[in-house]
Amino acid sequence: MKEPQLERCGIAFYAEGQENQWYIDSGCSKHMTGDKEKIQSYSALEKGKKASFGNDTPAVIKGKGTVQLKEKVKAGNVLYVDGLKHNLLSVSQMCDQGTEVIFQSNGCSVRDLNTRKTVIKGIRTPNNLYIFEEGQQQCYLSKNDEHWLWHQRLGHLSFSQIRKVCKYQEIRGLPNIRIPDNTICKSCEFDNQTRTNFPEKERSASRPLELVHTDVCGPFQPVDIAENQ
């Protein structure tokens, strides 16, 4: 008999749950919630799938769907786990969906790798847990994000050149941009990549017309004066 597939969750029985709080959990393999009303586009799953918690207690996964975390931000493939008292956001699942999760001493942020914009921010609780408050209105344009915003506005100009522009006040309205700790831009990396060299020739021609390179194409739809294609 085939054993049921288990999803791992290492935090659920140690967190003090709140209805609109989402715990940002690096030990959880999938987004999970025990509140079915939060899930949009709900679809039931086949029987036998279970989630295993930190104390090895299993719970049944009954379905999955999409959850609206805040305006214009949704979490996809959220599992509905029967009996789960907490809402969990999986760090690994967010990273697989093109974002990066940055943990700091006072909180954490989830940032889109393509746009470099912060999607959601979490706070660190006195119990050393990172949580996100569902529906909370936040301003995500931090100083660090502002630096990247101007980097993109100026056509991905290097930060050293941006500093010179700031120093000599060559752009009206440009704030005082500092060089961030991490200056790696994904778009700049791709743009500066070069293709590999062509392989060396195995042989060369020793006399004229010994080796001829031609392009063969056609027939063409329009014809010439002689009605040839």
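The values are calculated or read from the model by the stated rules, or taken from the named source; none is laboratory data. On a predicted model such as this, the values are computed, not experimentally measured, just so you know. Neighbour counts run over all protein chains shown; Cβ positions are idealised from the backbone, glycine included.
Quick look at the numbers
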| read-out | value |
| --- | --- |
| Residue match in region 36-57 (condition: surrounded by 19 or more Cβ atoms within 10 Å (Cβ to Cβ), in a loop (DSSP other than H, G, I, E, B) and modelled with pLDDT of 70 or more) | no |
| Residue in region 131-150 that is surrounded by 15 or more Cβ atoms within 10 Å (Cβ to Cβ), assigned to a strand (DSSP E or B) and touching a Gly at 6+ places or on another chain (Cβ under 6 Å) present | yes |
| Residue in region 95-118 that is nearest to Pro180 (Cα to Cα), counting only those that are without any contact (Cβ under 8 Å) to a residue 60 or more places away in the chain, within 8 Å of the chain's Cα centre (by Cα) and assigned to a loop (DSSP other than H, G, I, E, B) | Gly98 |
| Total residues in region 160-188, condition part of a helix (DSSP H, G or I) and under 18 Å from Lys117 (Cβ atoms) | 3 |
| Verdict on Arg153 being charged (D, E, K, R), surrounded by 11 or more Cβ atoms within 10 Å (Cβ to Cβ) and modelled with pLDDT of 80 or more | yes |
| Hits in region 122-150 - residues which are among the basic types (Lys, Arg) and either at pLDDT below 85 or within 20 Å of the chain's Cα centre (by Cα) (or both) | Lys143 |
| Residue check, Val78 of a type in the set (A, V, I, L, M, F, W, C), surrounded by 14 or more Cβ atoms within 10 Å (Cβ to Cβ) and within 18 Å of Lys186 (Cα to Cα) | no |
| Tally, over region 179-198, of residues that are among the basic types (Lys, Arg) and within 25 Å of the chain's Cα centre (by Cα) | 1 |
